[in-house]
Amino acid sequence: MAAPALNLADARALLLSPLGPVARAGSNHNAVNVSFEFFPPKSDEAEANLWKAVRRLEPLNPAFVSVTYGAGGSTRERTHRTVQRIIGETTLRPAAHLTCVEASRDEVDEVIEGYKAIGVDHIVALRGDPPGGMNDSGSIGGAYQPRADGYANATELTAAISRIGGFEVTVGAYPEKHPESPSIDHDIEVLKAKIDAGATRAVTQFFFDIEAFLRFRDRVRAAGITIPLIPGIMPVSNFAGLKRMTAACGAALPDWLAAHFDGLDDDPETRKLLAASIAAENCARLQEEGFSDFHFYTLNRAELVYAICRVLGVREQKAVA
């Protein structure tokens, strides 16, 4: 949900302010809602890291936390276990990811019913990536081919979740164009179709080009789409990993961002400071553009996300039994 737009006097005050957006965020008393994404762990060490991050971020009272579902449904059981543990051991509200790649309609419906049975009432519906790792073109997996007995895309998956009923449905949006899409106009039409099928909010792919995101926001609203459009934020300190991720998802990697990380391959602490400062400034700018909801791709680490939430005015709250 977006905060009210700035009036002319407030906009002029921002232009004349000697402070930057991060400093100005410290005096912004508008309520901010945050949500966090985690992925299911593959090892005991990864499990410990995940739950350390969960416990660190839980007191910030996020609107929800999402748990990812691997390419081709490869983490189905681990995702289910992680969601179930969040329900049983925390005060958090989980949103389980669900994809339709490499699964029949009956198999997907079974997963939906299974989530309902353990008390999940929020699903993040995504088509998903084909299994097989990154290919020569930089995309994940091979060319997507829907199964004849499966749901073809996120729109059909959203409709299936809505038919079973009892869920909020979050879907994805791509401010710099889905890598398989012919145009942003096509992406907006797909987003409309997902809303017609029952989607209640959209979370975007992560991005670093604020102006590109704002242009996308304007086009979405001009197309008559009114559901919450929540910016996805990824504070990444591993620049080599970030280049691989942007190649796969189509997000632009600005020259200024590469310049900040140049020569820091062996300096992880400085990279963390840069990652936090860049993400904090982007969030503070978006807050001034009227955004009050932010979704953080945590990569199962809490430190950077926690610091950025502090910048946005999000504070720890006492847990309610």
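The values are calculated or read from the model by the stated rules, or taken from the named source; none is laboratory data. Given the structure is predicted, the values throughout are model-derived calculations rather than measurements. All Cβ positions, glycine included, derive from the backbone under ideal geometry; neighbour counts span all protein chains shown. Heads up: the accessible areas ignore ligands, DNA and RNA and are worked out on the full protein's heavy atoms, side chains in. Shrake-Rupley method; radii C 1.70, N 1.55, O 1.52, S 1.80 Å.
Highest mean packing first, where packing is the average number of other Cβ atoms within 10 Å per residue, the peptides 121-129, 277-285 line up as 121-129, 277-285. Each residue of segment 240-257 is assigned a 3J(HN,Hα), and the resulting list reads 5, x, 4, 4, 5, 5, 5, 5, 7, 9, x, 6, 6, 10, x, 4, 5, 6 Hz, derived from the Karplus form 6.51 cos²θ - 1.76 cosθ + 1.60 (θ = phi - 60°), x at Gly and Pro. In the chain, helices alone account for a calculated mean residue ellipticity at 222 nm of -13500 deg cm²/dmol, with every DSSP H run of four or more residues adding -39,500 (n - 2.57). Over the Cα atoms of segment 150-198, the radius of gyration divided by the Kirkwood radius equals 1.00; this is the Rg/Rh ratio. Shape analysis of segment 191-321 places it in the oblate category; the axes a ≥ b ≥ c from the Cα gyration tensor give an a/c of at least 1.5, with a/b not above b/c. Given a 1.4 Å probe, how much area per residue of the chain is accessible, in Å²? For the chain, the per-residue accessible area is 49 Å². Give the aspartates and glutamates whose C-alpha is closer than 16 Å to that of Lys192, dropping any in the same chain fewer than 8 places away, or say none. The reachable aspartates and glutamates, counting only those whose Cα sits under 16 Å from Lys192, are Glu156, Asp218.
Just want to confirm a number: the relative contact order over the chain, from Cα pairs under 8 angstrom separated by 6+ residues, in percent. 25 percent. For Phe296, the residues whose modelled amide H falls within less than 5 Å of its own, excluding neighbours fewer than 5 places apart on the same chain, are Ser35, Phe36, Glu37, Ile233. Per-residue Karplus couplings for segment 38-50, computed as 6.51 cos²θ - 1.76 cosθ + 1.60 with θ equal to phi - 60°, are listed in order as 10, 10, x, x, 9, 9, 4, 5, 5, 4, 5, 5, 4 Hz, Gly and Pro entered as x. Taking a straight line from the alpha carbon of Lys52, these lysines sit under 28 Å away, with near neighbours fewer than eight places off in the same chain left out: Lys42, Lys116, Lys243, Lys272, Lys318.
Note that segment 274-321 shows a convex hull volume over its alpha carbon atoms of 95 Å³ per residue. The HN-Hα couplings worked out from phi for segment 273-286 by the Karplus form 6.51 cos²θ - 1.76 cosθ + 1.60 (θ = phi - 60°) are 4, 5, 4, 5, 5, 5, 5, 5, 5, 4, 5, 5, 5, 5 Hz, whole numbers, x standing for Gly and Pro.
Using r as the Cβ-Cβ distance of Ser27 and Ile87, and R0 as 35 Å, what FRET efficiency do you calculate, to the nearest 0.05? E(calc), rounded to 0.05, equals 0.40. Classified by the C-alpha gyration tensor, segment 260-301 has an oblate form. Its axis ratio a/c, with a ≥ b ≥ c, is 1.5 or above, and a/b does not exceed b/c.
Give me the percent of the accessible area of the chain that comes from carbon and sulfur atoms, probe 1.4 Å, all protein chains in place. Here carbon and sulfur together make up 51 percent of the probe-accessible area. Computed from the Cβ-Cβ distance with R0 of 35 Å, the FRET efficiency linking Glu269 to Ala46 stands at 0.95. Packing order of peptides 258-271, 165-178, 78-91, highest average first: 165-178, 78-91, 258-271 (average count of other Cβ atoms within 10 Å over each peptide's residues). Each peptide in 211-217, 286-292, 249-255 receives the mean, over its residues, of other Cβ atoms within 10 Å, and ordering these scores from highest gives 286-292, 211-217, 249-255. Under the simplified labelling scheme, the Leu214-Ala117 pair shows an inter-label distance of 4.9 nm, with each label point 7 Å from Cα along Cα→Cβ. For the chain, DSSP calls about 5 percent of its internal beta bridges antiparallel. Computed from the C-beta positions of Asp106 and Arg310, the FRET efficiency with R₀ = 45 Å rounds to 0.45.
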